[in-house]
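These notes are about the structure you will find just below.
We did not get these values from a lab; they are worked out from the coordinates using the rules stated. This is a predicted model, so every value here is computed, not measured. Heads up, the Cβs are rebuilt from the backbone with ideal geometry, glycines too, and the neighbour counts pull from every protein chain shown.
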Amino acid sequence: MSATTSQIPTDAGDLPGLLWLPENLEQPVPGLVVLQEIFGLSASMQERCANLAALGYAVLAPQLFARLDPPVVGLEDGGDGEAWLAEGMALTDRLPWERAEADALASLNALRAHGAVDSERVGVLGFCYGGGLAFAATAAATLEDRAPSVLVSYYGSALPTLLDQAAHVTAPSLHHFGTADAFIPLETVQQIREAVTADGTRDQVRFELHEGAGHAFDNPHPVLHHGPAAEAAWQQTISFLTETLPTRS
């Protein structure tokens, strides 16, 4: 399933994004904004977006690194894993967090306004950098009475610094973490769990731990990928979306 280019209106001018629509559209469908990991809209990110569209969702992925000079769409998997990781981290350092959060919120508004989308049923899904960004955007949108329908966060790397916003994230949520995450230690993961679930009192929040998986385990690069965790997390994500943001198909 192929994407089309979309221009997302923001307070800093239009931001390019990629839009996937389900085939044979006959009525408005639920939408998902997908927020990238540190490598931008790489081929693997775009594949996940296409997978979601095949399930019946309209999917919008903003090109957050288009703000950079020169603009970046996505870093393809390099042979040198350490250099590739460092390059991705450097890209996020160059993009102010506040700008990325504003662009994420603008993407939610743009997808809601699309004629093919049910404006009352739009969620957000993020990976790594995008996982934390999705959490922050959900909190901000909730404060504006525009809360997303659902949130899915894969190993949100900024979450340890965002826990003061947890009370504002009231949407049904799913969080994925690996137990062998070197970037977010298990002790910190447990602190995140306590915050986002309000010590287990929020029934709408699910928290999945994937045994033996490291950070960014869904990424196919050999230095990151954990096959069993990636497959389990994806099936859990599909099940969660089917329950909380069902498509009519």
message: I want to verify the translational diffusion coefficient of the range 114-162 in µm²/s; compute it with Stokes-Einstein, Rh as the Kirkwood radius over Cα pairs, at 37 °C and 0.692 mPa s.
response: 297
query: Nearest 0.05, what FRET efficiency do residue 183 and residue 119 give at R0 = 25 Å with Cβ-Cβ as r?
result: 0.10
message: I'd like the distance between the alpha-carbon centres of the range 24-62 and the range 67-136, rounded to an integer number of Å.
response: 12
task: Mind putting a number on the dipole of the chain about its Cα centre? Charges go on the C-beta only, +1 for Lys and Arg and -1 for Asp and Glu, and I need it in Debye to the nearest 20.
output: 500
- line: Within the chain, the percent of DSSP beta bridges that are antiparallel, given to the nearest 5, stands at 30
Relative contact order [Cα under 8 Å, 6+ residues apart], the range 120-215, whole percent: 27
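Show that you can apply the helix-only estimate: for the chain, add -39,500 (n - 2.57) for every DSSP H stretch of four or more residues, divide by all residues, and state [θ] at 222 nm to the nearest 500.
Result for the chain: -11500 deg cm²/dmol, rounded to the nearest 500.
Note down the net charge around residue 162, summing +1 for each Lys or Arg and -1 for each Asp or Glu among other residues with Cβ under 15 Å from its Cβ.
Counting the neighbours of residue 162, the net charge comes to -3.
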task: List, largest first, the extents of the alpha carbons of the range 114-249 along their principal axes, each in whole Å.
output: 40, 35, 24
- request: With 10 Å bins from zero, work out the P(r) of the chain over every alpha carbon pair and list the percent per bin.
  value: 8, 35, 39, 17, 1
query: Once amide H atoms are built 1.01 Å from N in the peptide plane, which residues 5 or more positions from residue 122, or in another chain, come under 5 Å H to H?
result: 31, 149
